[in-house]
Amino acid sequence: MFLRVNKLQTELPAPKRRDPNAAAALQELLGGKYGEMSTLGNYLFQSFNFRSKTKLASFYSLVACITA
């Protein structure tokens, strides 16, 4: 059984200016430079190529919302 909530676990403050170091740190927290981010891309690709979206709507929604 899956329970999906479409929001971040914590609220992130809006940046006052661009900060590449803070962006890199946030990227590491959300899944690393190469680890889970590549898995996330795979799920995104799978959601684009999902067949029978209407017949399997609940599964498509799960795969699509992983990358949302």
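Overview of results
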read-out	value
Residues satisfying the stated conditions in the range 43-54, i.e. surrounded by 14 or more Cβ atoms within 10 Å (Cβ to Cβ) and either out of contact with any helix residue (DSSP H, G or I) (no Cβ under 6 Å at 6 or more places or on another chain) or without any contact (Cβ under 8 Å) to a residue 12 or more places away in the chain (or both)	L44
Qualifying residue in the range 16-26 (condition: in a loop (DSSP other than H, G, I, E, B), at pLDDT 70 or above, over 13 Å from the mean Cα position of the chain (by Cα) and among the acidic types (D, E))	yes
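The values are calculated or read from the model by the stated rules, or taken from the named source; none is laboratory data. Note that the structure is predicted; figures quoted are calculated from it, not measured. As a convention, Cβ positions derive from the backbone with ideal geometry for all residues, glycine included, and neighbour counts pool all protein chains shown.
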